[in-house]
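In what follows, a single structure is set out as structure tokens and then discussed.
The values are calculated or read from the model by the stated rules, or taken from the named source; none is laboratory data. All values reported here derive from a predicted model rather than from experimental measurement. Methodologically, a virtual Cβ is constructed for each residue, glycine included, from the backbone with ideal geometry; neighbour enumeration extends over all protein chains shown.
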Amino acid sequence: MVRLGGGVKRYMVAAGGFLIGIILFAQVANPVHKIFDPLQVEKFVSIKQLFSTKTLEGVPAKISDLTITTIEGKQFTLRELTGRNQLVVVNFWASWCSPCIEEMPYFEKIHRYYQNKNVTFLGIAKKDSLSAVRKFIAQREITYKIALDDQDKIATAFGGVRFLPTTIFIDKQNNVVKIHRGYLSQRELDKNLKDLLP
């Protein structure tokens, strides 16, 4: 029989404990993507919390006007949307992004509820292909405006979008009033709209 020294024994016990800890953590972190996926990191910021009015966590406090083309080829300006509505909800997403996929059904549901209440939803697909976006939208019967930002021009106008999903709330004057980075639950989305609408 091979006898192990005290130092080796302590090392093996420590290594075993570390391995058990990893296994237990993996069981708790279910589904795994909700823990490890950086796209799931939620960050909610109100413009009232900041001293500067120039930017809101890297996003301009006032979005300059820009022309957007939907996946159907229709063009409009952001000013046209904000001018007709009390609030515009801009959601940056992708067809390969799991938290984005979870959001879309109730974004559509809430869009249908608010579409005659001066609220417009706009989905901006980022780092995606036109064919994948069209297929995704058709399968899930999404009816609000969807555009593809394959060259990051729209994201750049918003100061650059590093996390998916990212949801930005804009008022009639093109002012960014709230930002949510990461997964936004149906309850939180509905609450945000109620808080922001007059």
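The table below lists the values:
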item	result
Among (1) loosely packed, with under 14 Cβ neighbours inside 10 Å; (2) in contact (Cβ under 8 Å) with a residue 60 or more places away in the chain; (3) on the phi > 0 side of the Ramachandran plot - the single one Asp152 does not satisfy	(2)
Unmet criterion (only one of (1) of a type outside the set (Lys, Arg); (2) at pLDDT 50 or above; (3) not in a helix (DSSP H, G or I)) for Ser52	(2)
Qualifying residue in the stretch 105-120 (condition: crowded, with 21+ Cβ neighbours inside 10 Å, at negative phi and of a type in the set (A, V, I, L, M))	no
Conditions (1) surrounded by fewer than 16 Cβ atoms within 10 Å (Cβ to Cβ); (2) in a strand (DSSP E or B); number of the one not met by Lys191	(2)
Which numbered condition Glu102 fails, given (1) modelled with pLDDT of 95 or more; (2) buried (at least 20 other Cβ atoms within 10 Å of the Cβ)	(2)
When residues of the stretch 60-99 are limited to those that are of a type in the set (Phe, Trp, Tyr) and modelled with pLDDT of 95 or more, the one surrounded by the fewest Cβ atoms within 10 Å (Cβ to Cβ)	Trp96
Strands (runs of 3 or more DSSP E) wholly inside the stretch 69-159 that include at least 1 residues being charged (D, E, K, R) and within 13 Å of the chain's Cα centre (by Cα)	119-126
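Residue-by-condition table, conditions (1) free of Cβ contacts under 8 Å to residues at least 40 places away in the same chain; (2) of a type in the set (A, V, I, L, M); (3) in the same structural domain as Tyr144 (by TED's automatic domain parsing):
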| site | (1), (2), (3) |
| --- | --- |
| Leu78 | no, yes, yes |
| Arg84 | yes, no, yes |
| Leu87 | no, yes, yes |
| Ala94 | no, yes, yes |
| Pro99 | no, no, yes |
| Phe107 | no, no, yes |
| His111 | yes, no, yes |
| Asn118 | no, no, yes |
